[in-house]
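Undergrad: Below you will find the structure I want to go over with you.
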Amino acid sequence: MFRKIKRNILKMFRELLVYHNKSLEFRAKTLTLIIALDDKINPCEEEMLKRVAHEIYRDDDGRADLLIDTVGEYFQKIQTKNGLNYEHLITNVEKDIKDHRRYAKKIDMDRLRLFGECLHDEDDKIFHQRMLDFLENLKDEYGTV
């Protein structure tokens, strides 16, 4: 019960209370780009997201849960057309990485490729590969600091 309340407070005041909030949000944006491309989060993607989040933040379950929640928030905004759409998210990721080149290190292509296992439609697989190529290009272009 306490953990759920704490989690909700962190979600509401993430910008003020979470150390390196912008870094966590950047990771959430890149994960959302990969997950939201087929307009739904299927059970496989949910499980993969949990696995990836807990791999990224091995020693901090709270931060991993916050990453999962943040991905969910971005996805929900896209679905409800609440100030964010898929193209806008792509632009945000590109702007973030241009402004903060160190974020290029946070794009883990191997982890992002894992989400392709959850796709069944051939068009979704092609779009997934194109998004991976886009992120790889961003990483290559801005990753040299």
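Yes/no per residue for (1) open to solvent by less than 10 Å² (accessible area, probe 1.4 Å); (2) in contact with a Ser or Thr (Cβ under 6 Å, 6 or more places away or on another chain); (3) closer than 27 Å to Glu141 by Cα; (4) hydrophobic (A, V, I, L, M, F, W, C):
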position: Lys22; (1), (2), (3), (4): no, no, yes, no
position: Glu46; (1), (2), (3), (4): no, no, no, no
position: Lys50; (1), (2), (3), (4): no, no, no, no
position: Arg63; (1), (2), (3), (4): no, no, no, no
position: Val71; (1), (2), (3), (4): yes, yes, yes, yes
position: Arg101; (1), (2), (3), (4): no, no, yes, no
position: His120; (1), (2), (3), (4): no, no, no, no
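Undergrad: Also: Yes or no: Leu84 open to solvent by less than 20 Å² (accessible area, probe 1.4 Å) and not in a helix (DSSP H, G or I)?
TA: On the way: open to solvent by less than 20 Å² (accessible area, probe 1.4 Å): yes; not in a helix (DSSP H, G or I): yes.
So Leu84 fits the description; yes.
Undergrad: Can you confirm whether Gly143 is in contact with a Lys or Arg (Cβ under 9 Å, 6 or more places away or on another chain) and touching a residue at least 40 places away in the same chain (Cβ under 8 Å)?
TA: Answer is yes for this residue.
Undergrad: Identify all residues within region 99-121 that are over 22 Å from Glu25 (Cβ atoms), touching a Cys at 6+ places or on another chain (Cβ under 9 Å) and part of a helix (DSSP H, G or I); write none if there are none.
TA: Of everything in region 99-121, those that are over 22 Å from Glu25 (Cβ atoms), touching a Cys at 6+ places or on another chain (Cβ under 9 Å) and part of a helix (DSSP H, G or I) turn out to be Glu117, Cys118.
Undergrad: On the basis of being over 14 Å from Arg27 (Cβ atoms) and touching a Leu at 6+ places or on another chain (Cβ under 6 Å), does Phe127 make the cut?
TA: Criteria met by Phe127.
Undergrad: Has region 117-127 got at least one residue that is out of contact with any helix residue (DSSP H, G or I) (no Cβ under 7 Å at 6 or more places or on another chain), more than 18 Å from Asn21 (Cα to Cα) and β-branched (Val, Ile, Thr)?
TA: Yes, some residue in region 117-127 is out of contact with any helix residue (DSSP H, G or I) (no Cβ under 7 Å at 6 or more places or on another chain), more than 18 Å from Asn21 (Cα to Cα) and β-branched (Val, Ile, Thr).
Undergrad: Only one of Asp65, Asp69, Asp96 is within 22 Å of Arg130 (Cα to Cα), touching a residue at least 40 places away in the same chain (Cβ under 8 Å) and charged (D, E, K, R). Can you tell me which?
TA: That would be Asp96, the only listed residue that is within 22 Å of Arg130 (Cα to Cα), touching a residue at least 40 places away in the same chain (Cβ under 8 Å) and charged (D, E, K, R).
Undergrad: Continuing with this model, one more query. How many of the residues in region 74-86 are under 15 Å from the mean Cα position of the chain (by Cα) and either over 21 Å from Asn42 (Cα atoms) or of a type in the set (Lys, Arg) (or both)?
TA: Within region 74-86, residues that are under 15 Å from the mean Cα position of the chain (by Cα) and either over 21 Å from Asn42 (Cα atoms) or of a type in the set (Lys, Arg) (or both) number 1.
Undergrad: Mind listing just one residue for me: the one in region 32-48 that is part of a helix (DSSP H, G or I) and free of Cβ contacts under 8 Å to residues at least 40 places away in the same chain and, of those, farthest from the chain's Cα centre (by Cα)?
TA: By that ranking, first place goes to Pro43.
Undergrad: Do we find that Ile9 is among the aliphatic types (A, V, I, L, M), at pLDDT 60 or above, assigned to a helix (DSSP H, G or I) and open to solvent by 50 Å² or more (accessible area, probe 1.4 Å) in this structure? Write out each step before concluding.
TA: Details: among the aliphatic types (A, V, I, L, M): yes; at pLDDT 60 or above: no; assigned to a helix (DSSP H, G or I): yes; open to solvent by 50 Å² or more (accessible area, probe 1.4 Å): yes.
No: the conditions fail for Ile9.
Undergrad: Out of (1) in contact with an Asp or Glu (Cβ under 7 Å, 6 or more places away or on another chain); (2) open to solvent by less than 20 Å² (accessible area, probe 1.4 Å); (3) among the acidic types (Asp, Glu), the odd one out for Asp124 is which?
TA: With respect to (1) in contact with an Asp or Glu (Cβ under 7 Å, 6 or more places away or on another chain); (2) open to solvent by less than 20 Å² (accessible area, probe 1.4 Å); (3) among the acidic types (Asp, Glu), Asp124 is out only on (2).
Undergrad: Continuing with this model, one more query. Out of the residues in region 103-117 meeting the condition of being surrounded by 13 or more Cβ atoms within 10 Å (Cβ to Cβ) and among the charged types (D, E, K, R), tell me which one is farthest from Pro43 (Cα to Cα).
TA: Lys106
The values are calculated or read from the model by the stated rules, or taken from the named source; none is laboratory data. For clarity, every value in this text was computed on a predicted model and none was experimentally measured. Because the Cβ atoms are built from the backbone with ideal geometry, glycine has one as well, and the counts that use them run over all protein chains shown. Note: accessible area is taken over every heavy atom of the protein model, side chains too, but ligands, DNA and RNA are not part of it. Shrake-Rupley method; radii C 1.70, N 1.55, O 1.52, S 1.80 Å.
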